[in-house]
Amino acid sequence: MNHIILITGGAGFIGSHLTRLFVNKYPQYKIVNLDKLTYAGNLENLKDIENQPNYTFVKGDITNGDFVNDLFEGYKFTAVLHCAAESHVDRSISDPLAFVRTNVLGTVTLLQIAKEYWKDNLNGKLFYHISTDEVYGSLGNNGFFTEETPYDPRSPYSSSKASSDHFVRAFYHTYNLPVIISNCSNNYGPYHFPEKLIPLCINNILNKKPLPIYGKGENVRDWLFVGDHVQAIDVIFHKGRTGETYNIGGHNEWKNIDIIKELCKQMDEKLGRENGESERLIIFVKDRAGHDMRYAIDATKLKNELGWKPSLQFEEGLSKTIDWYLNNTEWLNHVTSGDYQNYYETQYHKR
Ligand code: NAD
Ligand code: DAU
(Lines give C-alpha, C1' and ligand atoms only; values in the text may rest on other atoms or scores of the structure.)
(Ligands and ions follow the chains in the order given, each with its own letter.)
Protein backbone atom coordinates (compact mmCIF):
# COMPACT_ATOMS: atom_id res chain seq x y z
CA MET A 1 0.00 0.00 0.00
CA ASN A 2 1.33 3.45 -0.89
CA HIS A 3 0.39 5.58 2.06
CA ILE A 4 -0.13 9.31 2.17
CA ILE A 5 0.69 10.02 5.80
CA LEU A 6 -0.02 13.06 7.93
CA ILE A 7 2.59 13.25 10.68
CA THR A 8 1.68 15.85 13.30
CA GLY A 9 4.41 17.40 15.44
CA GLY A 10 7.13 16.17 13.08
CA ALA A 11 9.43 19.08 13.96
CA GLY A 12 9.67 18.02 17.61
CA PHE A 13 12.02 15.54 19.25
CA ILE A 14 10.35 12.17 18.57
CA GLY A 15 8.39 13.47 15.56
CA SER A 16 11.58 14.46 13.72
CA HIS A 17 13.12 11.01 14.20
CA LEU A 18 9.86 9.40 13.07
CA THR A 19 9.57 11.66 10.03
CA ARG A 20 13.19 10.99 9.00
CA LEU A 21 12.70 7.22 9.35
CA PHE A 22 9.52 7.15 7.26
CA VAL A 23 10.77 9.57 4.58
CA ASN A 24 14.02 7.65 4.06
CA LYS A 25 12.71 4.11 4.50
CA TYR A 26 9.52 4.47 2.46
CA PRO A 27 10.23 6.60 -0.63
CA GLN A 28 6.93 5.29 -2.06
CA TYR A 29 4.97 6.99 0.76
CA LYS A 30 4.12 10.68 0.72
CA ILE A 31 4.80 12.28 4.11
CA VAL A 32 3.26 15.59 5.16
CA ASN A 33 4.56 17.05 8.41
CA LEU A 34 2.06 19.41 10.07
CA ASP A 35 3.62 21.35 12.92
CA LYS A 36 2.74 24.61 14.65
CA LEU A 37 6.41 25.27 15.43
CA THR A 38 5.89 26.07 19.09
CA TYR A 39 9.05 26.61 21.14
CA ALA A 40 9.53 22.79 20.90
CA GLY A 41 9.28 22.59 17.12
CA ASN A 42 12.54 23.07 15.26
CA LEU A 43 12.90 22.64 11.50
CA GLU A 44 16.67 22.43 11.95
CA ASN A 45 15.91 18.90 13.20
CA LEU A 46 14.89 17.97 9.65
CA LYS A 47 17.45 19.81 7.51
CA ASP A 48 18.79 16.56 6.03
CA ILE A 49 15.43 15.51 4.59
CA GLU A 50 13.74 18.84 3.80
CA ASN A 51 14.33 18.51 0.04
CA GLN A 52 13.32 14.88 -0.31
CA PRO A 53 10.65 14.50 -3.02
CA ASN A 54 8.29 12.50 -0.77
CA TYR A 55 8.36 15.08 2.06
CA THR A 56 6.35 18.27 2.59
CA PHE A 57 6.29 20.59 5.60
CA VAL A 58 3.16 22.55 6.47
CA LYS A 59 3.05 25.06 9.30
CA GLY A 60 -0.26 24.91 11.15
CA ASP A 61 -2.17 24.17 14.32
CA ILE A 62 -3.96 20.85 14.87
CA THR A 63 -6.70 22.67 16.80
CA ASN A 64 -7.63 24.64 13.65
CA GLY A 65 -10.35 22.41 12.18
CA ASP A 66 -10.80 24.38 8.92
CA PHE A 67 -7.10 24.24 8.25
CA VAL A 68 -6.83 20.51 8.97
CA ASN A 69 -9.95 19.90 6.85
CA ASP A 70 -8.34 21.63 3.88
CA LEU A 71 -5.21 19.51 4.33
CA PHE A 72 -7.24 16.29 4.28
CA GLU A 73 -9.11 17.58 1.21
CA GLY A 74 -5.85 18.44 -0.55
CA TYR A 75 -3.70 15.43 0.31
CA LYS A 76 -6.27 12.64 0.81
CA PHE A 77 -4.36 11.09 3.69
CA THR A 78 -4.58 7.36 4.25
CA ALA A 79 -2.98 7.48 7.71
CA VAL A 80 -2.21 9.82 10.58
CA LEU A 81 0.80 9.47 12.87
CA HIS A 82 -0.14 11.81 15.68
CA CYS A 83 2.87 13.09 17.65
CA ALA A 84 1.96 16.74 18.18
CA ALA A 85 1.55 17.60 21.83
CA GLU A 86 2.61 19.85 24.62
CA SER A 87 5.06 17.42 26.21
CA HIS A 88 6.80 18.95 29.24
CA VAL A 89 5.38 18.11 32.68
CA ASP A 90 6.81 21.23 34.36
CA ARG A 91 5.16 23.51 31.77
CA SER A 92 1.86 21.68 32.32
CA ILE A 93 2.02 22.60 36.01
CA SER A 94 2.28 26.31 35.21
CA ASP A 95 -0.11 26.35 32.20
CA PRO A 96 -2.51 23.38 32.16
CA LEU A 97 -4.91 24.92 29.64
CA ALA A 98 -2.27 24.92 26.90
CA PHE A 99 -2.11 21.14 27.37
CA VAL A 100 -5.89 20.76 27.19
CA ARG A 101 -5.97 22.80 23.99
CA THR A 102 -3.36 20.89 22.02
CA ASN A 103 -3.43 17.44 23.59
CA VAL A 104 -7.19 17.07 24.04
CA LEU A 105 -8.89 19.53 21.68
CA GLY A 106 -6.21 19.04 19.00
CA THR A 107 -6.51 15.26 19.12
CA VAL A 108 -10.31 15.30 18.98
CA THR A 109 -10.19 17.76 16.06
CA LEU A 110 -7.95 15.36 14.11
CA LEU A 111 -10.09 12.34 15.03
CA GLN A 112 -13.28 14.08 13.95
CA ILE A 113 -11.84 15.09 10.57
CA ALA A 114 -10.25 11.67 9.92
CA LYS A 115 -13.60 10.03 10.74
CA GLU A 116 -15.46 12.24 8.25
CA TYR A 117 -12.94 11.75 5.46
CA TRP A 118 -12.60 8.03 5.84
CA LYS A 119 -16.18 7.07 6.69
CA ASP A 120 -17.06 5.76 3.19
CA ASN A 121 -14.00 3.54 2.99
CA LEU A 122 -12.14 2.62 6.14
CA ASN A 123 -10.05 0.04 4.32
CA GLY A 124 -6.31 0.58 4.74
CA LYS A 125 -6.78 3.67 6.91
CA LEU A 126 -5.11 4.14 10.30
CA PHE A 127 -5.10 6.78 13.02
CA TYR A 128 -1.98 6.04 15.09
CA HIS A 129 -1.85 7.94 18.39
CA ILE A 130 1.55 8.31 20.07
CA SER A 131 1.15 8.40 23.82
CA THR A 132 3.01 8.03 27.07
CA ASP A 133 3.42 5.64 30.01
CA GLU A 134 2.58 8.56 32.33
CA VAL A 135 -1.15 7.88 31.78
CA TYR A 136 -0.80 4.87 34.10
CA GLY A 137 0.27 7.00 37.07
CA SER A 138 3.09 6.24 39.47
CA LEU A 139 4.53 2.90 40.62
CA GLY A 140 6.00 1.95 44.00
CA ASN A 141 9.15 -0.14 44.23
CA ASN A 142 7.67 -3.14 42.41
CA GLY A 143 5.60 -3.93 39.35
CA PHE A 144 5.32 -2.71 35.78
CA PHE A 145 2.78 -0.93 33.60
CA THR A 146 1.03 -3.35 31.25
CA GLU A 147 -1.62 -2.53 28.66
CA GLU A 148 -4.22 -3.55 31.28
CA THR A 149 -3.00 -1.19 34.02
CA PRO A 150 -5.85 1.20 34.91
CA TYR A 151 -5.28 4.83 33.97
CA ASP A 152 -4.30 7.03 36.92
CA PRO A 153 -2.73 10.23 35.56
CA ARG A 154 -1.48 12.72 38.14
CA SER A 155 -0.05 15.74 36.32
CA PRO A 156 -1.91 18.10 33.99
CA TYR A 157 0.29 16.73 31.17
CA SER A 158 -0.50 13.07 31.84
CA SER A 159 -4.18 13.89 32.42
CA SER A 160 -4.37 15.57 29.02
CA LYS A 161 -2.63 12.59 27.36
CA ALA A 162 -4.93 10.14 29.17
CA SER A 163 -7.94 12.12 27.99
CA SER A 164 -6.68 12.03 24.41
CA ASP A 165 -6.15 8.25 24.65
CA HIS A 166 -9.75 7.84 25.85
CA PHE A 167 -11.05 9.87 22.90
CA VAL A 168 -9.03 7.77 20.46
CA ARG A 169 -10.58 4.58 21.89
CA ALA A 170 -14.02 6.21 21.90
CA PHE A 171 -13.71 6.89 18.16
CA TYR A 172 -12.76 3.25 17.61
CA HIS A 173 -15.72 1.87 19.56
CA THR A 174 -18.29 4.46 18.50
CA TYR A 175 -17.42 5.09 14.84
CA ASN A 176 -15.19 2.08 13.96
CA LEU A 177 -12.32 4.47 13.21
CA PRO A 178 -9.23 2.25 12.77
CA VAL A 179 -6.90 3.35 15.55
CA ILE A 180 -3.79 2.15 17.34
CA ILE A 181 -2.25 3.66 20.48
CA SER A 182 1.26 3.13 21.78
CA ASN A 183 2.39 4.23 25.23
CA CYS A 184 6.13 4.68 25.57
CA SER A 185 8.50 5.34 28.45
CA ASN A 186 11.04 8.21 28.66
CA ASN A 187 12.98 8.79 25.45
CA TYR A 188 16.48 10.22 25.11
CA GLY A 189 18.74 10.91 22.13
CA PRO A 190 19.72 13.56 19.54
CA TYR A 191 17.49 16.63 19.00
CA HIS A 192 16.05 16.40 22.53
CA PHE A 193 15.06 19.89 23.69
CA PRO A 194 17.29 20.98 26.58
CA GLU A 195 14.45 21.55 29.04
CA LYS A 196 14.21 17.78 29.68
CA LEU A 197 16.53 16.16 32.23
CA ILE A 198 19.22 14.55 30.04
CA PRO A 199 19.77 17.28 27.41
CA LEU A 200 19.46 19.99 30.07
CA CYS A 201 22.26 18.37 32.07
CA ILE A 202 24.41 17.77 28.96
CA ASN A 203 24.14 21.47 28.14
CA ASN A 204 24.84 22.53 31.72
CA ILE A 205 27.86 20.21 32.04
CA LEU A 206 29.26 21.67 28.83
CA ASN A 207 28.83 25.17 30.25
CA LYS A 208 29.87 24.19 33.82
CA LYS A 209 26.48 25.27 35.16
CA PRO A 210 24.61 23.64 38.11
CA LEU A 211 22.75 20.35 37.47
CA PRO A 212 19.36 20.75 39.20
CA ILE A 213 18.04 17.48 40.63
CA TYR A 214 14.47 17.61 41.93
CA GLY A 215 13.96 16.37 45.51
CA LYS A 216 16.46 13.68 46.45
CA GLY A 217 16.94 12.33 42.92
CA GLU A 218 15.33 9.03 43.95
CA ASN A 219 12.60 9.07 41.28
CA VAL A 220 12.93 6.32 38.69
CA ARG A 221 12.41 6.58 34.93
CA ASP A 222 12.62 3.82 32.30
CA TRP A 223 14.79 5.20 29.47
CA LEU A 224 14.60 4.22 25.80
CA PHE A 225 16.74 5.50 22.92
CA VAL A 226 14.52 7.55 20.60
CA GLY A 227 15.69 5.55 17.56
CA ASP A 228 14.34 2.40 19.21
CA HIS A 229 11.02 4.12 19.92
CA VAL A 230 10.49 5.12 16.30
CA GLN A 231 11.51 1.63 15.10
CA ALA A 232 8.79 0.27 17.37
CA ILE A 233 6.25 2.73 15.92
CA ASP A 234 7.25 1.58 12.42
CA VAL A 235 6.62 -2.07 13.35
CA ILE A 236 3.33 -1.31 15.08
CA PHE A 237 2.15 0.94 12.24
CA HIS A 238 2.69 -1.83 9.68
CA LYS A 239 1.89 -4.95 11.69
CA GLY A 240 -0.11 -3.91 14.74
CA ARG A 241 -3.77 -4.83 15.17
CA THR A 242 -6.30 -2.00 14.98
CA GLY A 243 -8.08 -1.16 18.20
CA GLU A 244 -5.05 -2.32 20.19
CA THR A 245 -2.66 -0.62 22.58
CA TYR A 246 1.05 -1.44 22.69
CA ASN A 247 3.40 -0.48 25.50
CA ILE A 248 6.94 0.42 24.41
CA GLY A 249 9.92 0.34 26.78
CA GLY A 250 13.38 -1.08 27.24
CA HIS A 251 13.46 -2.47 30.80
CA ASN A 252 15.99 0.19 31.63
CA GLU A 253 15.19 1.81 34.97
CA TRP A 254 17.43 4.47 36.46
CA LYS A 255 17.16 6.72 39.49
CA ASN A 256 17.60 10.33 38.35
CA ILE A 257 20.67 10.81 40.54
CA ASP A 258 22.34 7.70 39.11
CA ILE A 259 21.68 8.69 35.53
CA ILE A 260 23.18 12.13 36.11
CA LYS A 261 26.25 10.59 37.77
CA GLU A 262 26.71 8.28 34.76
CA LEU A 263 26.31 11.29 32.45
CA CYS A 264 28.91 13.26 34.46
CA LYS A 265 31.35 10.35 34.32
CA GLN A 266 31.02 9.89 30.56
CA MET A 267 31.23 13.62 29.86
CA ASP A 268 34.33 14.10 32.04
CA GLU A 269 36.05 11.37 30.00
CA LYS A 270 34.95 12.79 26.65
CA LEU A 271 35.81 16.39 27.59
CA GLY A 272 39.16 15.45 29.14
CA ARG A 273 38.07 16.79 32.52
CA GLU A 274 39.23 15.46 35.87
CA ASN A 275 37.06 12.52 37.05
CA GLY A 276 34.41 13.93 39.46
CA GLU A 277 34.58 17.51 38.16
CA SER A 278 31.07 17.51 36.63
CA GLU A 279 29.51 15.63 39.55
CA ARG A 280 30.38 18.59 41.75
CA LEU A 281 27.89 20.62 39.68
CA ILE A 282 24.95 18.59 41.05
CA ILE A 283 22.56 20.55 43.26
CA PHE A 284 19.34 19.33 44.87
CA VAL A 285 16.42 21.71 44.28
CA LYS A 286 12.74 21.94 45.26
CA ASP A 287 10.82 18.88 44.10
CA ARG A 288 8.37 18.93 41.18
CA ALA A 289 4.76 19.24 42.48
CA GLY A 290 3.06 15.83 42.42
CA HIS A 291 6.30 14.23 41.19
CA ASP A 292 5.57 10.65 40.03
CA MET A 293 7.92 8.25 41.82
CA ARG A 294 8.55 5.48 39.34
CA TYR A 295 7.66 4.47 35.80
CA ALA A 296 8.47 1.04 34.36
CA ILE A 297 7.05 -0.53 31.21
CA ASP A 298 6.29 -4.16 30.51
CA ALA A 299 6.66 -4.42 26.71
CA THR A 300 6.02 -8.19 26.52
CA LYS A 301 2.99 -7.82 24.25
CA LEU A 302 5.00 -5.90 21.66
CA LYS A 303 7.86 -8.39 21.83
CA ASN A 304 5.68 -11.50 21.64
CA GLU A 305 3.20 -10.25 19.05
CA LEU A 306 5.39 -8.17 16.76
CA GLY A 307 8.95 -9.24 17.61
CA TRP A 308 10.23 -5.77 18.56
CA LYS A 309 13.00 -5.30 21.11
CA PRO A 310 15.34 -2.39 21.77
CA SER A 311 18.67 -2.43 19.94
CA LEU A 312 20.84 -0.31 22.24
CA GLN A 313 22.22 -0.80 25.75
CA PHE A 314 21.73 2.36 27.79
CA GLU A 315 25.40 3.24 28.37
CA GLU A 316 26.01 2.95 24.62
CA GLY A 317 22.91 5.01 23.78
CA LEU A 318 23.92 7.68 26.27
CA SER A 319 27.45 7.79 24.84
CA LYS A 320 26.02 8.20 21.29
CA THR A 321 23.73 10.94 22.56
CA ILE A 322 26.55 12.87 24.26
CA ASP A 323 28.68 12.56 21.10
CA TRP A 324 25.81 13.95 19.05
CA TYR A 325 25.51 17.02 21.31
CA LEU A 326 29.29 17.55 21.31
CA ASN A 327 29.29 17.40 17.50
CA ASN A 328 26.24 19.61 17.12
CA THR A 329 27.03 22.61 19.29
CA GLU A 330 25.61 24.89 16.58
CA TRP A 331 22.19 23.18 16.97
CA LEU A 332 22.46 23.50 20.74
CA ASN A 333 23.50 27.17 20.54
CA HIS A 334 20.60 27.96 18.22
CA VAL A 335 18.16 26.23 20.56
CA THR A 336 19.44 27.89 23.70
CA SER A 337 19.65 31.35 22.08
CA GLY A 338 16.26 31.00 20.35
CA ASP A 339 17.82 31.44 16.88
CA TYR A 340 16.21 28.23 15.63
CA GLN A 341 12.89 30.07 15.57
CA ASN A 342 14.20 32.20 12.68
CA TYR A 343 14.89 29.12 10.57
CA TYR A 344 11.35 28.88 9.20
CA GLU A 345 11.42 32.50 8.04
CA THR A 346 14.78 32.23 6.32
CA GLN A 347 14.30 28.75 4.89
CA TYR A 348 10.67 28.80 3.78
CA HIS A 349 9.91 32.43 3.01
CA LYS A 350 12.84 32.85 0.62
CA ARG A 351 11.18 30.48 -1.89
P1 NAD B 1 8.12 17.74 21.64
O2 NAD B 1 7.62 18.73 22.65
O3 NAD B 1 9.58 17.65 21.40
O4 NAD B 1 7.45 18.04 20.22
C5 NAD B 1 6.10 18.35 20.08
C6 NAD B 1 5.90 18.91 18.66
O7 NAD B 1 4.50 19.19 18.51
C8 NAD B 1 6.65 20.21 18.40
O9 NAD B 1 7.27 20.17 17.13
C10 NAD B 1 5.55 21.28 18.44
O11 NAD B 1 5.84 22.40 17.62
C12 NAD B 1 4.35 20.48 17.92
N13 NAD B 1 3.07 21.05 18.36
C14 NAD B 1 2.73 21.40 19.63
N15 NAD B 1 1.48 21.89 19.64
C16 NAD B 1 1.01 21.82 18.36
C17 NAD B 1 -0.21 22.16 17.73
N18 NAD B 1 -1.22 22.69 18.44
N19 NAD B 1 -0.35 21.93 16.40
C20 NAD B 1 0.67 21.39 15.68
N21 NAD B 1 1.86 21.08 16.21
C22 NAD B 1 2.03 21.28 17.55
O23 NAD B 1 7.50 16.35 22.06
P24 NAD B 1 8.16 14.90 22.02
O25 NAD B 1 8.93 14.70 23.25
O26 NAD B 1 8.77 14.69 20.70
O27 NAD B 1 6.83 14.01 22.15
C28 NAD B 1 6.08 13.66 20.97
C29 NAD B 1 4.90 12.80 21.39
O30 NAD B 1 5.38 11.63 22.05
C31 NAD B 1 3.97 13.49 22.39
O32 NAD B 1 2.66 13.13 22.07
C33 NAD B 1 4.38 12.92 23.74
O34 NAD B 1 3.28 12.90 24.60
C35 NAD B 1 4.80 11.52 23.35
N36 NAD B 1 5.81 10.88 24.21
C37 NAD B 1 6.98 11.52 24.50
C38 NAD B 1 7.96 10.86 25.26
C39 NAD B 1 9.28 11.51 25.60
O40 NAD B 1 10.05 10.95 26.40
N41 NAD B 1 9.62 12.66 25.02
C42 NAD B 1 7.72 9.56 25.72
C43 NAD B 1 6.49 8.94 25.41
C44 NAD B 1 5.57 9.61 24.63
O1 DAU C 1 7.54 8.84 30.58
C2 DAU C 1 7.37 9.49 29.35
C3 DAU C 1 7.46 10.98 29.54
O4 DAU C 1 8.82 11.30 29.79
C5 DAU C 1 6.93 11.76 28.35
O6 DAU C 1 5.56 11.49 28.19
C7 DAU C 1 7.16 13.27 28.54
O8 DAU C 1 6.73 13.97 27.40
C9 DAU C 1 8.63 13.50 28.78
O10 DAU C 1 8.87 14.87 29.02
C11 DAU C 1 9.13 12.66 29.96
O12 DAU C 1 8.56 13.14 31.20
P13 DAU C 1 9.43 13.25 32.56
O14 DAU C 1 8.77 14.24 33.42
O15 DAU C 1 9.74 11.93 33.11
O16 DAU C 1 10.80 13.85 31.91
P17 DAU C 1 11.78 15.02 32.40
O18 DAU C 1 13.00 14.93 31.53
O19 DAU C 1 11.10 16.32 32.53
O20 DAU C 1 12.20 14.52 33.86
C21 DAU C 1 12.80 13.26 34.06
C22 DAU C 1 13.01 13.09 35.56
O23 DAU C 1 14.01 14.03 35.99
C24 DAU C 1 11.77 13.39 36.39
O25 DAU C 1 11.75 12.53 37.51
C26 DAU C 1 11.98 14.84 36.86
C27 DAU C 1 13.48 14.95 36.97
N28 DAU C 1 14.08 16.25 36.68
C29 DAU C 1 13.72 16.89 35.54
C30 DAU C 1 14.25 18.12 35.22
C31 DAU C 1 13.84 18.85 33.95
C32 DAU C 1 15.02 16.79 37.54
O33 DAU C 1 15.37 16.18 38.57
N34 DAU C 1 15.57 18.01 37.23
C35 DAU C 1 15.23 18.70 36.10
O36 DAU C 1 15.74 19.82 35.88
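The values are calculated or read from the model by the stated rules, or taken from the named source; none is laboratory data. Bear in mind the structure is a predicted one, so any value in this text is a computation, not a measurement. In this analysis, Cβ positions are derived from the backbone assuming ideal geometry, glycine residues included, and neighbour counts consider all displayed protein chains.
Structure notes:
- Considering only residues in segment 171-191 that are assigned to a loop (DSSP other than H, G, I, E, B) and not hydroxyl-bearing (Ser, Thr, Tyr), the one that is farthest from the chain's Cα centre (by Cα) turns out to be Asn176.
- Summed over segment 56-79, residues that are of a type outside the set (A, V, I, L, M), over 21 Å from Gly124 (Cβ atoms) and buried (at least 20 other Cβ atoms within 10 Å of the Cβ) total 1.
- Per-region count, segment 310-347, residues without any contact (Cβ under 8 Å) to a residue 12 or more places away in the chain and in a loop (DSSP other than H, G, I, E, B): 2
- Scan of segment 239-261 for residues that are surrounded by 13 or more Cβ atoms within 10 Å (Cβ to Cβ) and farther than 15 Å from Asp222 by Cα, ordered by number: Gly240, Thr242, Gly243, Glu244, Thr245, Tyr246, Lys261
- Residue match in segment 95-111 (condition: β-branched (Val, Ile, Thr) and more than 14 Å from ligand 1 (Cβ to nearest atom)): no
- Close pairs (6 angstrom Cβ cut-off, 6 or more residues apart or separate chains): basic (Lys, Arg) in segment 31-51, away from ligand 2 (no atom under 16 Å from the Cβ) and modelled with pLDDT of 95 or more anywhere: Lys36/Asp61
- The residues on offer are Asp95, Asp120, and the sole one that is within 16 Å of ligand 2 (Cβ to nearest atom), of a type in the set (Asp, Glu) and at pLDDT 95 or above is Asp95.
- Those residues of segment 90-106 which are buried (at least 21 other Cβ atoms within 10 Å of the Cβ) and either within 15 Å of the chain's Cα centre (by Cα) or assigned to a loop (DSSP other than H, G, I, E, B) (or both), in sequence order: Phe99, Thr102, Asn103
- Any hit, segment 284-293, residues being among the hydrophobic types (A, V, I, L, M, F, W, C) and buried (at least 18 other Cβ atoms within 10 Å of the Cβ): no
- Matching residues in segment 294-309 - criterion: being in contact with an Asp or Glu (Cβ under 7 Å, 6 or more places away or on another chain) and assigned to a loop (DSSP other than H, G, I, E, B): Tyr295, Ala296
- Conditions (1) over 30 Å from Glu44 (Cα atoms); (2) assigned to a helix (DSSP H, G or I); (3) under 24 Å from the mean Cα position of the chain (by Cα); number of the one not met by His291: (2)
- Hey, Ala84 within 16 Å of ligand 2 (Cβ to nearest atom), out of contact with any Cys (no Cβ under 9 Å at 6 or more places or on another chain) and modelled with pLDDT of 95 or more or not: yes
- Selection count, segment 114-134, where residues are of a type in the set (A, V, I, L, M), within 16 Å of ligand 1 (Cβ to nearest atom) and more than 12 Å from His82 (Cβ to Cβ): 0
- Sole residue being among the small types (Gly, Ala, Ser), over 19 Å from Thr149 (Cβ atoms) and surrounded by 19 or more Cβ atoms within 10 Å (Cβ to Cβ), chosen from Ser185, Ser278: Ser278
- Residue among Glu116, Glu86, Glu73 that alone is acidic (Asp, Glu) and in contact (Cβ under 8 Å) with a residue 60 or more places away in the chain: Glu86
- Spans of strands (runs of 3 or more DSSP E) in segment 204-280 with at least 1 residues more than 30 Å from Phe22 (Cα to Cα) and modelled with pLDDT of 95 or more: 211-214, 220-225, 253-255
- Odd one out for Lys196, checked against (1) under 12 Å from Ile322 (Cα atoms); (2) crowded, with 16+ Cβ neighbours inside 10 Å; (3) of a type in the set (D, E, K, R): (1)
- If only residues of segment 1-32 that are of a type outside the set (A, V, I, L, M) and in a strand (DSSP E or B) are counted, the one that is nearest to Leu224 (Cα to Cα) is Thr8.
- Selection from segment 165-210 of residues that are farther than 24 Å from Tyr136 by Cβ, of a type in the set (A, V, I, L, M) and either away from ligand 2 (no atom under 14 Å from the Cβ) or without any contact (Cβ under 8 Å) to a residue 60 or more places away in the chain (or both): Leu200, Leu206
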